[in-house]
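The values are calculated or read from the model by the stated rules, or taken from the named source; none is laboratory data. The structure displayed is predicted, hence computed values, not measured ones. When we count neighbours, we look across all protein chains shown, and the Cβ atoms used for this are built from the backbone with ideal geometry, even at glycine. Note: accessible area is taken over every heavy atom of the protein model, side chains too, but ligands, DNA and RNA are not part of it. Shrake-Rupley method; radii C 1.70, N 1.55, O 1.52, S 1.80 Å.
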Amino acid sequence: MSYQVNVPPSAASISSSSSVSDEEDDRLSDWASSLGEARQTKSLFDETVLPTPEAALEHDANIWDFRLNETCQKLGLDMFGRIRLINLIRNAGLTKDQIDALSPTDQLFKDDNLLKPVIHDDPLLQYDPDDSWSDDEDIPQPPQSNAGPSQTQPSSTENSRVAQLEAELEQARKDLASMRTLISKTVGVEDDEEDAQSPAETSKQVEVKGKGKAVERDDDTHYFHSYEENDIHEIMLKDTVRTVSYARFLLSNSQIFKDAIVMDVGCGTGILSMLAAKAGAKHVYAIEASGLAVKARENIRKNGFADVITVIQGKVEDIQLPVKHVDVIVSEWMGYMLLYESMLDSVLVARDRFLAPGGLMAPSQTRLVISAITGERTWKERISFWPSVYGFDLSEMQGPAFEEGLTEVVDKEEVVTTEAVVRDINSHTATIKSLDFHSTFTLRSTSSSEVEIKAFLTHFDTFFSPISGEASHIPLEEDVEILPFGDDEYEKPVKPLDHSDDGVKVSFTTGPRGKYTHWKQVVFLLRKPIVLKSNQQIIGRFFCKKSPTNSRELDVEIHYRVAEGGNGDVGEGAYDVQCYKVK
């Protein structure tokens, strides 16, 4: 954040005369020119750019009948409250009526997320309407008497001016102290004198050299920045399995979305928000923590949905809505191996904060599935490659392939066992704590002959139900529906499916049985391949939790052993164990 503090010049600099050389005058001219550009200010309500903050405020008053200073006074806002209000208007695109509906007790005016400028170096954030002092103002000089300077008595005018300057200096000091406190809170640096923090507070801290305590680890900045680039959104939008499935559910269940208030968590380009609006939503709140919110807002405006969709830039954990509840929460939160990136945590927070009783989550259910594969192609590319590279043995490089979950596309012919669900998540009832888990599994051979298994494989299935709560849950006996999807379906609008009185269910798989998706599958190579006979099975335990060093990553542990065909109970015996990181 950029800010200014007006501090009166020292006594030595207040004189009755001054001189500036030609060279200095040229420099001052250049400075004045650049200052003029820096003061150009965008209107709070349209795309007009005015030469100064004062002109922008006058424009908003004349065109939009909005007077920022009067509103700040009515709400009793201090400097930080004023900054929050400006950023809120720019971020959420509030109308004058929505602003008039705000009250001084709104939690928005305590939200530090709104202290981050929407427009870099926004002159309106630096503009102080109460600052009446300027360098150009003539400063009265005390009268000189024949007795000399030592006999000079200050005039009452000068006394008044000095008092005013002293008051401004004191206020500047207070503002500077407040800003330092804010920066300290935002950056996470604590003074040495602060009380010791609890283990919960220190769990996300890293040590820093030099004076001061630990700085809070930041698992979010890189994650959100990565979604500001076009490439990832192009890949996701061209994933027709993903996007068409969401579109079919939204457009085929108009009885749910007509006149509904909808929240889209992680709106990205705004595609799901616009689909919800097209399905009849009364209003959609599109939440996007990354800088892509600016492009999303423009996409929505260009498609004619600006009156129906409000884009709010910020984390769903921090933002406030102008409504108490929403009827539907839609989000494309799934990552590699379903839980990578931990975005589901934020969706569950949104559910607990904003979803109305009986409200709907879309998707309603997801399943994490494990199977075993021959892994021939992955083994050849990741392991067999290294021992002979241009005549050199580089096998020392094989290690990471056995320590990380590998994102690959696997042919369905490589799968040689049954599948097992290791986590079945209902979006209406799941908790953040439940996303760290362990589960048993049994994989039976589907081959008529002996096979060598070089890897385990995970994928996930996703379900959309028009029913909310526990009643939406699809039993394990009911398989995911695998439909055909064309590669070029993004070139035309998605058509709704045939309507049903009970609503339309939609589901898709990211596994090898279905069409390729951008999520692919995650392969876990085995240091000791398994030889599995046709009458045998693999029994094991699957452990998954957030990484203690980065909450967006996952730590996975697989315990497994071979057993003769039976009921699949995990009994006594020696298990092989292998640990991985999904990152």
Q: Report yes if some residue within region 383-406 is in a strand (DSSP E or B), closer than 23 Å to Pro529 by Cβ and touching a residue at least 60 places away in the same chain (Cβ under 8 Å); otherwise report no.
A: yes
Q.
I'd like to verify a number: residues in region 227-265 that are open to solvent by 50 Å² or more (accessible area, probe 1.4 Å) and part of a helix (DSSP H, G or I), how many?
A. 8
(Q) Which pairs turn up if I take residues in region 439-461 that are within 14 Å of Tyr560 (Cα to Cα) and open to solvent by 30 Å² or more (accessible area, probe 1.4 Å) and look for partners that are modelled with pLDDT under 95 and not small (Gly, Ala, Ser) with beta carbon separation below 6 Å, at least 6 apart in sequence or on another chain? (A) Thr440/Val570
**Q.** In region 44-76, the residues that are surrounded by fewer than 17 Cβ atoms within 10 Å (Cβ to Cβ) and not in a helix (DSSP H, G or I)
**A.** Asp46, Glu47, Thr48, Val49, Pro51, Thr52, Asp65, Arg67, Gly76
Q | Given (1) within 49 Å of the chain's Cα centre (by Cα); (2) at pLDDT below 70; (3) assigned to a loop (DSSP other than H, G, I, E, B); (4) of a type outside the set (S, T, N, Q), index of the condition Glu168 fails | A | (3)
Q) Looking only at region 349-373, which residues are surrounded by fewer than 21 Cβ atoms within 10 Å (Cβ to Cβ) and outside any strand (DSSP E or B)? A) Val349, Asp352, Arg353
Q: State all residues of region 77-124 that are more than 25 Å from the chain's Cα centre (by Cα), acidic (Asp, Glu) and part of a helix (DSSP H, G or I); if no residue qualifies, say none.
A: Asp97, Asp100
Q: Among the strands (runs of 3 or more DSSP E) lying completely within region 266-343, list those that include at least 2 residues that are among the polar types (S, T, N, Q).
A: 309-313
**Q.** Filter result (of a type in the set (A, V, I, L, M, F, W, C), assigned to a loop (DSSP other than H, G, I, E, B), closer than 28 Å to Arg351 by Cβ and open to solvent by less than 90 Å² (accessible area, probe 1.4 Å)) within region 468-482
**A.** Ile474, Val480
